[in-house]
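Quick note: the coordinates plus some simple rules give every number you see, no bench work behind them. Remember, it's a predicted structure, so these values are computed and weren't measured experimentally. In this analysis, Cβ positions are derived from the backbone assuming ideal geometry, glycine residues included, and neighbour counts consider all displayed protein chains.
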Amino acid sequence: MDATNPSMSYDEFMKPAANRHPPSASRDCVFYYDGDCGFCRAWVRVLAKLDLLHRVRWVPYQSLPRPPRGLTLADLDRAAYLETASGRRYEGFYAFRQLARQLIPLLPLYPLLLLPGVDRPGVALYRWVASNRRRLWPGPAGGCAIDQTIAPPTDHANNDIDIGPVDQPRPPV
């Protein structure tokens, strides 16, 4: 199935690239995502294939022994995060905007994502998709492993706050 490894099985080919190639210290950034979510896994497979220079290490947060410093499991369940080699962290829409900068096929989108005012609808769309991802990808085979009868946590106090780069660690909850 894979041009570099013709004997690779279909199942192995469909796994995210991060699972086929050992993580490298030379990667420019780390993308943390919900590995129990079929919707998230499908998008990471697409994005990993667009990572032509292998600049991103794709990490399901469930594979971590503990959350990255300054984040909680609730943070990681609520949004994807991109952490650069310098340690700068981006959440949600801002993480995807930075991915557009890292992934060559998405590079033409990057200047558009920087236009004034684009972040407002971008953040709103990201939050809507993140809140509804279990409904967007239903079914036991592809859906999230999380019990779908339990509503995802919401943070009503922060609904109007746009979260850009996350440079400062959050206080413990």
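Descriptive notes on the structure:
- When residues of the stretch 48-73 are limited to those that are surrounded by fewer than 14 Cβ atoms within 10 Å (Cβ to Cβ) and of a type in the set (K, R), the one nearest to G87 (Cα to Cα): R69
- If you go through the stretch 76-102 and keep only what is farther than 24 Å from V118 by Cβ and either in contact (Cβ under 8 Å) with a residue 40 or more places away in the chain or under 12 Å from the mean Cα position of the chain (by Cα) (or both), you end up with L76, D77, A85.
- Answer residue from the stretch 45-75, given it is closer than 16 Å to G92 by Cα and among the hydroxyl-bearing types (S, T, Y) and is nearest to the chain's Cα centre (by Cα) among those: Y61
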